[in-house]
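Q: Below is a structure I'd like to ask you about.
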Amino acid sequence: MNKMIIFIRELKRNRKSFIIWTASLVLFNIMMMSFFPSIADNTKMYDEMIKGFPKGMIEAFGLDKISMSTILGFFGTECYIFITIFGSIYAMLLGASILSKEEGDKTIEFLLAKPVTRSTIVTAKAANIFFYITLFNLIFSFVNFLMFEAVKREEYSIEAFLLLSIGPWLLHLTFAAIGLLISVFVVKAKSVYPVSIGFVLVMYFISVMSSISDKLTNLKYFTPFKYVDSPDIIVNERIEPIYLIIMFAIITVSTAATYVLYNRKNM
């Protein structure tokens, strides 16, 4: 059993969950984007409504930096949050279950009985994660582009749009890599769900807290959500280099640690 056979096997095992997550989130995103024309046609009313929001809420969602009356601003406040949160949950669930599933289903003995190394298993499964996360984000980006073109009221920055597409992809890969590392330690498949969902939500909560409190602003370095913050991307049209470095470091270290620990693990 070589690397490609394991890769194809994993594609089939994870195909159903990929279709469910992608279809659900894409349809929800289309529904949300379809509301933009009504927002754009009633800009003054919505601007006045937003002024009545608590200051902390305005800062938490970046409404002090961007306006919902623009298509990028609307996407950044209404749709982007769902893509990042729920996409990250999917990515982490995929990563955290891909190795632990073998032990939970008692199929690891079958794999290890074949002429295949543990490193080969990790490589095939990591490639599977990368494939599905990348396809997930490509589909979202394509659908988003079609929706932008369909409902836009004026031209928008293509650079900002591309960055708002790349940002979630990097974010999802970051959570997937952390999930992959966690999968070395989690044996029971049912344990993956609370660990993955809880971790992502805690990271998002930290992101919100770093936005609404000056005393907690340094917490932004500890949550991947702040690395690809939509208001900052829209305003600056770039992802800060320091955040790119941190994400690449997390992905690299988590993946490397997975190889080392999985090879040393007693099964």
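Q: Taking into account only those residues within region 29-45 that are assigned to a helix (DSSP H, G or I) and without any contact (Cβ under 8 Å) to a residue 60 or more places away in the chain, which is surrounded by the fewest Cβ atoms within 10 Å (Cβ to Cβ)?
A: By that ranking, first place goes to K44.
Q: Restricting to region 253-267, what's the tally of residues that are in contact (Cβ under 8 Å) with a residue 60 or more places away in the chain and either more than 19 Å from the chain's Cα centre (by Cα) or open to solvent by 80 Å² or more (accessible area, probe 1.4 Å) (or both)? Step through it out loud before you land on a result.
A: So the first thing to find is which residues in region 253-267 are in contact (Cβ under 8 Å) with a residue 60 or more places away in the chain, and the list is 254-255, 257-259, 261-263, 265, 267.
So of that shortlist, the ones also either more than 19 Å from the chain's Cα centre (by Cα) or open to solvent by 80 Å² or more (accessible area, probe 1.4 Å) (or both) come out as 257-259, 261-263, 265, 267.
Result for region 253-267: 8.
Q: Follow-up question, since we're still on this one. May I ask you to list the residues in region 213-226 that are farther than 30 Å from N263 by Cβ and either crowded, with 20+ Cβ neighbours inside 10 Å or not acidic (D, E) (or both)?
A: Selection gives S213, K215, L216, T217, N218, L219, K220, Y221, T223, F225, K226.
Q: Is it the case that region 90-100 has a residue that's at pLDDT 85 or above, β-branched (V, I, T), touching a helix residue (DSSP H, G or I) at 6+ places or on another chain (Cβ under 9 Å) and on the phi < 0 side of the Ramachandran plot?
A: Scanning region 90-100 turns up at least one residue that is at pLDDT 85 or above, β-branched (V, I, T), touching a helix residue (DSSP H, G or I) at 6+ places or on another chain (Cβ under 9 Å) and on the phi < 0 side of the Ramachandran plot.
Q: Related question: How many of the residues making up region 164-188 are assigned to a helix (DSSP H, G or I) and open to solvent by 50 Å² or more (accessible area, probe 1.4 Å)?
A: Residues in region 164-188 being assigned to a helix (DSSP H, G or I) and open to solvent by 50 Å² or more (accessible area, probe 1.4 Å): 2 in total.
Q: Sort out which residues of region 238-247 are surrounded by 14 or more Cβ atoms within 10 Å (Cβ to Cβ) and not hydroxyl-bearing (S, T, Y), and write them in order of number.
A: Selection gives I239, E240, L244, I246, M247.
Q: A further question follows. If the requirement is being hydroxyl-bearing (S, T, Y), open to solvent by less than 60 Å² (accessible area, probe 1.4 Å) and over 14 Å from the mean Cα position of the chain (by Cα), which of these qualifies: S230, S210, S196?
A: Details: S230 fails: over 14 Å from the mean Cα position of the chain (by Cα); S196 fails: over 14 Å from the mean Cα position of the chain (by Cα).
Selected residue: S210, the only one of S230, S210, S196 that is hydroxyl-bearing (S, T, Y), open to solvent by less than 60 Å² (accessible area, probe 1.4 Å) and over 14 Å from the mean Cα position of the chain (by Cα).
The values are calculated or read from the model by the stated rules, or taken from the named source; none is laboratory data. Nothing here was measured: the structure is a model prediction, and the numbers come from that model. We place every Cβ from the backbone using ideal geometry, glycine too, and count neighbours over all the protein chains shown. The protein model used for the area step is the full one, side chains on, heavy atoms only, and it has no ligands, DNA or RNA in it. Shrake-Rupley method; radii C 1.70, N 1.55, O 1.52, S 1.80 Å.
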